[in-house]
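Here is the structure we will look at, set down as structure tokens.
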Amino acid sequence: MTAEAAATATTNAQTIERFYAAFSRLDAPAMAACYASDAAFDDEVFSLRGRRHVGGMWRMLCDATRAKGADVWRLSWRDVRADGASGQAHWDAHYRFSATGRLVDNSVDARFGFTPEGLIATHRDTFAFWTWSRQALGAPGLLLGWTPMLRNKVRATAAANLATYLARQL
């Protein structure tokens, strides 16, 4: 590996570390600063394009956690790896789901793509939706969390909540 490639890999790993350190503090502006302006984010609930939407999602989630769950909030991350173009990490969050008040322990694998400047261009989080839905939603998640119907309902609700949140930010 050349010195330049090693430096780029280090920069990208530092971006991942900076992102999760900010997330652990519920510092959404610092999280958003890690993304490129045209970044893409996808997980089991959201599919977002552009820093405004991606950063807005993190602001909404951080605000909800501060308002209804700061007393139980915990985030840990590990296995941060990066090269010149991509990276990955694993993170675990313990939080109170604001819509139901139920406690959730979510285990997430993250994959990143980076710009040449070391900003996140693509971010894909993967987690077990049924496991999450059983914890966050209770009986409906247990009974229906494996179905596309519930997943689509959660995605639609999350998208509507984000649109409302972003509209209030203007």
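Where a number appears in this text, it was derived from the coordinates with a stated rule and is not lab data. These figures come from a predicted structure and were not determined experimentally. Cβ: placed from backbone, ideal geometry, glycine included. Neighbour counts: every protein chain shown.
If each residue's Cβ is checked for other Cβ atoms within 10 Å, how do Arg124, Arg51 rank with the fewest at the top?
Details: Arg124 14, Arg51 19.
Ranking Arg124, Arg51 by Cβ neighbours within 10 Å, fewest first, gives Arg124, Arg51.
Based on other C-beta atoms within 10 Å, arrange Thr11, Thr126 from fewest to most.
Listing Thr11, Thr126 from fewest to most nearby Cβ atoms yields Thr126, Thr11.
What number, in percent, do you get for the relative contact order of the chain if the mean sequence gap of Cα pairs under 8 Å and at least 6 apart is divided by its residue count?
Once divided by the residue count of the chain, the mean separation gives 22 percent.
Given a Förster distance of 25 angstrom, what is the FRET efficiency for Thr100 paired with Thr122, based on the Cβ-Cβ distance and rounded to 0.05?
Details: r = 30 Å, r/R0 = 1.22.
Efficiency, from the Cβ-Cβ distance: 0.25.
Considering the chain as a Gaussian network with a 10 Å cut-off on Cα pairs, which listed residue, Ala156, Ala121, Ala13, attains the greatest mean-square fluctuation?
Most flexible of the set in this elastic network: Ala156.
Tell me, what ³J(HN,Hα) does each residue in region 101-116 have, in order and in whole Hz, if you take phi through Karplus 6.51 cos²θ - 1.76 cosθ + 1.60 with θ = phi - 60° and put x for Gly and Pro?
Each residue's phi maps through the Karplus curve to give x, 7, 7, 10, 10, 10, 10, 10, 9, 10, 10, 10, x, 10, 7, x Hz.
Can you sort Glu117, Glu17 from fewest to most other Cβ atoms within 10 Å of each residue's own Cβ?
Sorted ascending by nearby Cβ count, the order is Glu117, Glu17.
Any idea which of Trp146, Ala70, Trp58 is furthest toward the positive side of the dipole for region 1-149, if Lys and Arg beta-carbons carry +1 and Asp and Glu beta-carbons -1?
Result: Ala70.
Under the rule a/c < 1.5 gives rounded, and otherwise a/b versus b/c splits prolate from oblate, where does region 6-71 land using the Cα gyration tensor?
oblate
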